[in-house]
Structure formats: C-alpha cells, structure tokens
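What follows is one structure encoded as structure tokens, with my remarks underneath.
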Amino acid sequence: KGIDTIAVTGVNDHFVMDAWKNASGGDAIEFLADGNGEFAKAIDMTFDGSGNGLGTRSKRYAMIVDDGVVKSMAVEEAPGKVDLSSAENVLKALG
C-alpha cells in the first residue's frame, strides 16, 4: 500500500512502550512514548481517566498522514473499542 512507517503512540514511558513492542512482536512498528501526553494534548486526543486511576490518557485513533498532512483520522467513540481504528479499516482507508 506504499506505507513507509507504522507508528503507535501511547501515554506511557519508553519502558512500557518497549515492553509492548517486545510482547507484540511488532518489530516493523515504531512504538512512540508520549509519557506526559503532550502529543495527545496537541492533537486534542486526550480524555480524563482519573476516575479509574489512569490520569490523562489518549483516545484510541488511527491517523493516515501523507507528507505531514493528515489525510484521514478515525477516532473510537469509547475507550476499549477497536472498531473504527482497526487494521482492516485503516487498510480500507488507504484504498
């Protein structure tokens, strides 16, 4: 499909992101730590998970970016859902 990079961000430190990468076998995927949630805040993708002891978290989304321009973005309606942002739907969006 002409994809150069697949990246995953998470409001976690780099140790957690490295453990996730190792556990998932996602060697071809970039796992990017957003420990303070600064990236998530900058793109307005945060929610308050403090009621569950989680603090500020990132919504689950899939974003297709081409040369720095967001071409599509699918944001899940609720935490824990993986429908709109599924790999199958991302592949469909790529055409």
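With only Lys, Arg, Asp and Glu charged, each at its Cβ (+1 for the first two, -1 for the last two), find how big the charge dipole of the chain is about the Cα centre; round to the nearest 20 debye.
220
Check which residues have an amide H placed less than 5 Å from Val8's amide H, if you skip close sequence neighbours.
The list, which skips near neighbours in sequence, is Glu30, Phe31, Leu32.
Excluding Met17 itself, calculate the net charge of residues whose Cβ lies under 12 Å from the Cβ of Met17, where each Lys or Arg counts +1 and each Asp or Glu counts -1.
Result for the neighbourhood of Met17: -3.
Grab the other residues whose beta carbon is less than 15 angstrom from that of Glu76, score K and R as +1, D and E as -1, and report the net.
Details: positive: Arg57, Lys59, Arg60, Lys81; negative: Asp44, Glu77, Asp83, Glu88.
Overall, the nearby charge balance is 0.
In the chain, with Lys and Arg counted as +1 and Asp and Glu as -1 at Cβ, which of these residues, Met63, Phe15, Ala87, has the Cα nearest the positive end of the dipole, that is, farthest along it?
Checking the options against the dipole of the chain, the answer is Ala87.
Tally up the carbon and sulfur contribution to the accessible surface of the chain as a whole percent, 1.4 Å probe, everything protein left in place.
The value for the chain is 50 percent carbon and sulfur by accessible area.
Report Rg/Rh for the range 15-95, rounded to two decimals, where Rg is the Cα radius of gyration and Rh the Kirkwood radius.
Ratio of gyration radius to Kirkwood radius: 0.97.
Tell me, what HN-Hα J-couplings in whole Hz come from the Karplus equation 6.51 cos²θ - 1.76 cosθ + 1.60 at θ = phi - 60° for each residue of the range 65-76, using x for Gly and Pro?
Working through the residues one at a time gives 10, 10, 6, x, 10, 6, 8, 7, 8, 10, 10, 5 Hz.
Probe of 1.4 angstrom, ligands and nucleic acids ignored: what's the accessible area per residue over the chain, in square angstrom?
Each residue of the chain exposes 71 Å² on average to a 1.4 Å probe.
Around Gly37, with a cut-off of 13 angstrom between Cβ atoms, what is the net charge of the other residues, counting Lys and Arg +1 and Asp and Glu -1? Don't jump to the answer; show the numbers that get you there.
Values: positive: Lys41, Arg57, Lys59; negative: Asp13, Asp34, Glu38, Asp44, Asp48.
Combined, the nearby Lys, Arg, Asp and Glu give -2.
Compute the acute angle (0 to 90°) between the alpha-carbon long axis of helix 14-24 and the principal axis of greatest extent of the alpha-carbon atoms of the chain; round to the nearest 10°.
Approximately 50 degrees, to the nearest 10.
Name the long-range amide H neighbours of Gly35: under 5 Å, sequence gap of 5 or more, or other chain; modelled H, no Pro or chain starts.
Asn12
The values are calculated or read from the model by the stated rules, or taken from the named source; none is laboratory data. Keep in mind the model is a prediction, meaning the values are calculated, not measured. When we count neighbours, we look across all protein chains shown, and the Cβ atoms used for this are built from the backbone with ideal geometry, even at glycine. The area values use the complete protein model at the heavy-atom level, side chains included, leaving out ligands, DNA and RNA. Shrake-Rupley method; radii C 1.70, N 1.55, O 1.52, S 1.80 Å.
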